[in-house]
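Note sheet for the following structure.
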Amino acid sequence: MDNKNIPKPIYGLVCLLPDQKKIIDDHCFGTCKKIIIGGINCEGIGPLLVCRTPAKDCPQLDKELDEPFGEVMGDPVFIRKLKGEPLEIEGK
């Protein structure tokens, strides 16, 4: 099996939750910059922003599902919850 066929986990970030959206904006788009532009529309959960950063490399990771809830193009999708306080930016 070549590397192209090995499933690569995708982590879905629930962006409709206001506290998660602010952390995603500040940290994923702001300091990390590894979020993938585009997303997944998940029935029952809403739109998910997508990231491939492993748990060990995500300082904002609070928790994620142990099992994938689905697949996208053969890659397993896990829901991830972030921790932390949104950044306070002067003037905002």
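Take E64 and tell me if it is without any contact (Cβ under 8 Å) to a residue 60 or more places away in the chain, in contact with a helix residue (DSSP H, G or I) (Cβ under 7 Å, 6 or more places away or on another chain) and on the phi < 0 side of the Ramachandran plot. For E64, the condition - without any contact (Cβ under 8 Å) to a residue 60 or more places away in the chain, in contact with a helix residue (DSSP H, G or I) (Cβ under 7 Å, 6 or more places away or on another chain) and on the phi < 0 side of the Ramachandran plot - is met. Within region 58-69, the set of residues being over 13 Å from H27 (Cβ atoms) and at pLDDT 90 or above comprises K63, E64, L65, D66, E67, P68.
Meeting the requirement of 2 or more residues that are surrounded by 11 or more Cβ atoms within 10 Å (Cβ to Cβ) and either aromatic (F, W, Y) or in contact with a helix residue (DSSP H, G or I) (Cβ under 8 Å, 6 or more places away or on another chain) (or both), the strands (runs of 3 or more DSSP E) wholly within region 1-58 are 10-14, 46-51. In the set (1) within 10 Å of Y11 (Cβ to Cβ); (2) free of Cβ contacts under 8 Å to residues at least 60 places away in the same chain, F78 fails one condition alone, (2).
In this entry, D19 is excluded by the filter for residues that are touching a Pro at 6+ places or on another chain (Cβ under 7 Å), among the acidic types (D, E) and at pLDDT below 95.
The values are calculated or read from the model by the stated rules, or taken from the named source; none is laboratory data. Remember, it's a predicted structure, so these values are computed and weren't measured experimentally. Methodologically, a virtual Cβ is constructed for each residue, glycine included, from the backbone with ideal geometry; neighbour enumeration extends over all protein chains shown.
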